[in-house]
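Q: Next up is a structure, given as structure tokens.
The values are calculated or read from the model by the stated rules, or taken from the named source; none is laboratory data. Note that the coordinates shown come from a computational prediction; the quantities given were computed from them, not determined experimentally. All Cβ positions, glycine included, derive from the backbone under ideal geometry; neighbour counts span all protein chains shown. Calculation scope for accessible area: heavy atoms of the full protein, side chains included, ligands and nucleic acids excluded. Shrake-Rupley method; radii C 1.70, N 1.55, O 1.52, S 1.80 Å.
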Amino acid sequence: YYVSSGGTHGAWMQDPMETLGEDLVWEMASYSGETEVLRFPSISAMTSRSSITYQYLSYGYDGTGHVVYDGYLYYHEASGINIRKVDLSTMIHVDTLSVPDAGYRNTYPYQWGGYSDIDLAVDEDGLWVIYSTSANSGRLVLSRIDIDTFSITDTWNTNSNPKTNIGNAFMICGKLYATSSYSSYTAYIDFKFDPETGEETNPGIPIENPGGYNSSIDYNPLEQKLYSWDDSRRQTYDLTF
């Protein structure tokens, strides 16, 4: 999909649970301080910029690491270590979770910066948060979030490259993956971490950034595709399992 709207940075999301209906798309077209969330009835409406519903958050966001899951938006609140949970049917703030010792405001962002220190992810196993701490020397830290209690239940420190040298990261089937660059036309998924075994490997899978500025990559377990925002491109990547 290609949309020349919304600028260089952003995130677009679908709910893998389809709680509020099939095909809905949400867009957050910035990386800092904004409160506007755009909702579209379908991907085709997103690409044609039609049938837009404007929704607004009570608190601004940082980064592009937001996710929609089971009718809720989870996002990194601006200027701190809080994740906020918002009911997308009412836009009412439901709960807050602090990520202990997480860097924020470009302490440990991805390569491109953009306050991308705290990155949420959804996969077949539920909700996760990817971040870094000084205790882990700025390398990737992964925590599992229980959505019912809205609390962190497990945390793993990895031996990845420093997060500031990583293009992006995402979860698929309970495994953490990271890319080598946000800007190289051909980058690589060059890090994989299995929290169950602690094993770390280099899959060496090429991944393209045709826009040259890929500010978010997230997995949709329903579609089994990666969604990315690369300059003004909304892209999906097909996966082979």
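Q: Could you list all residues from region 104-137 that are in contact with a helix residue (DSSP H, G or I) (Cβ under 6 Å, 6 or more places away or on another chain) and either small (Gly, Ala, Ser) or part of a strand (DSSP E or B) (or both)? Lay out the reasoning, then the answer.
A: First, the residues of region 104-137 that are in contact with a helix residue (DSSP H, G or I) (Cβ under 6 Å, 6 or more places away or on another chain): 108, 132.
Within region 104-137, Ser132 is the sole residue that qualifies.
Here's the yes/no breakdown for (1) in a loop (DSSP other than H, G, I, E, B); (2) among the aliphatic types (A, V, I, L, M); (3) over 21 Å from Arg105 (Cα atoms):
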{"residue": "Thr149", "(1), (2), (3)": "yes, no, yes"}
{"residue": "Thr155", "(1), (2), (3)": "no, no, yes"}
{"residue": "Thr158", "(1), (2), (3)": "no, no, yes"}
{"residue": "Phe170", "(1), (2), (3)": "no, no, no"}
{"residue": "Leu176", "(1), (2), (3)": "no, yes, yes"}
{"residue": "Ser181", "(1), (2), (3)": "yes, no, no"}
{"residue": "Lys192", "(1), (2), (3)": "no, no, yes"}
{"residue": "Gly198", "(1), (2), (3)": "yes, no, yes"}
{"residue": "Ile207", "(1), (2), (3)": "no, yes, yes"}
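Residue by residue, here is whether (1) open to solvent by 10 Å² or more (accessible area, probe 1.4 Å); (2) without any contact (Cβ under 8 Å) to a residue 60 or more places away in the chain; (3) closer than 20 Å to Gly126 by Cα holds:
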{"site": "Tyr177", "(1), (2), (3)": "yes, yes, yes"}
{"site": "Ser180", "(1), (2), (3)": "yes, yes, no"}
{"site": "Glu196", "(1), (2), (3)": "yes, yes, yes"}
{"site": "Glu208", "(1), (2), (3)": "yes, yes, no"}
{"site": "Asp230", "(1), (2), (3)": "no, yes, no"}
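Here's the yes/no breakdown for (1) of a type outside the set (Val, Ile, Thr); (2) within 17 Å of Asp119 (Cβ to Cβ); (3) touching a Cys at 6+ places or on another chain (Cβ under 6 Å):
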{"residue": "Asn159", "(1), (2), (3)": "yes, no, no"}
{"residue": "Thr164", "(1), (2), (3)": "no, yes, no"}
{"residue": "Lys175", "(1), (2), (3)": "yes, yes, no"}
{"residue": "Thr179", "(1), (2), (3)": "no, yes, no"}
{"residue": "Asn202", "(1), (2), (3)": "yes, no, no"}
{"residue": "Glu208", "(1), (2), (3)": "yes, no, no"}
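Q: Another one. Could you please tell me which pairs satisfy a Cβ distance under 7 Å, a separation of 6+ or placement on different chains, a first residue in region 39-64 that is open to solvent by 30 Å² or more (accessible area, probe 1.4 Å), and a second residue that is part of a loop (DSSP other than H, G, I, E, B) and β-branched (Val, Ile, Thr)?
A: Thr47/Val3; Tyr56/Thr35
Q: Starting from region 133-144, take each residue that is on the phi > 0 side of the Ramachandran plot and list its partners that are in a loop (DSSP other than H, G, I, E, B), counting only C-beta distances under 9 angstrom and pairs at least six apart or across chains.
A: Listed by first residue and then by second, the contacts come to Gly138/Gly103; Gly138/Thr107; Gly138/Tyr108.
Q: Do the conditions hold for Ala78, that is, is it free of Cβ contacts under 8 Å to residues at least 60 places away in the same chain, surrounded by 16 or more Cβ atoms within 10 Å (Cβ to Cβ), out of contact with any strand residue (DSSP E or B) (no Cβ under 6 Å at 6 or more places or on another chain) and not aromatic (Phe, Trp, Tyr)?
A: On the way: free of Cβ contacts under 8 Å to residues at least 60 places away in the same chain: yes; surrounded by 16 or more Cβ atoms within 10 Å (Cβ to Cβ): yes; out of contact with any strand residue (DSSP E or B) (no Cβ under 6 Å at 6 or more places or on another chain): no; not aromatic (Phe, Trp, Tyr): yes.
No; evaluated as a whole, the condition is false for this residue.
Q: Among the residues of region 25-65, what is the count of those that are at pLDDT 95 or above, among the hydrophobic types (A, V, I, L, M, F, W, C), assigned to a loop (DSSP other than H, G, I, E, B) and farther than 22 Å from Asp95 by Cβ?
A: 1
Q: What are the residues in region 1-18 that are in a loop (DSSP other than H, G, I, E, B) and either within 17 Å of Gly211 (Cα to Cα) or over 19 Å from the mean Cα position of the chain (by Cα) (or both), if any? I'd like the intermediate steps shown before the answer.
A: Our first condition is that a residue be in a loop (DSSP other than H, G, I, E, B); within region 1-18, this holds for 1-10, 14-18.
Correct list: Tyr1, Tyr2, Val3, Ser4, Ser5, Gly6, Gly7, Thr8, His9, Gly10.
Q: Let me ask another. Return the residues of region 1-13 that are at pLDDT 95 or above and either touching a helix residue (DSSP H, G or I) at 6+ places or on another chain (Cβ under 8 Å) or surrounded by fewer than 19 Cβ atoms within 10 Å (Cβ to Cβ) (or both); say none if nothing qualifies.
A: Of everything in region 1-13, just one residue is at pLDDT 95 or above and either touching a helix residue (DSSP H, G or I) at 6+ places or on another chain (Cβ under 8 Å) or surrounded by fewer than 19 Cβ atoms within 10 Å (Cβ to Cβ) (or both), namely Trp12.
Q: Within region 100-119, restricting attention to residues that are within 16 Å of Ala135 (Cα to Cα) and among the acidic types (Asp, Glu), which residue is surrounded by the fewest Cβ atoms within 10 Å (Cβ to Cβ)?
A: Checking each candidate, the answer is Asp101.
Q: Please work out if Ser151 is over 17 Å from Pro16 (Cα atoms), of a type in the set (Ser, Thr, Tyr) and in contact (Cβ under 8 Å) with a residue 40 or more places away in the chain.
A: On the way: over 17 Å from Pro16 (Cα atoms): yes; of a type in the set (Ser, Thr, Tyr): yes; in contact (Cβ under 8 Å) with a residue 40 or more places away in the chain: yes.
Against the criterion (over 17 Å from Pro16 (Cα atoms), of a type in the set (Ser, Thr, Tyr) and in contact (Cβ under 8 Å) with a residue 40 or more places away in the chain), Ser151 qualifies.
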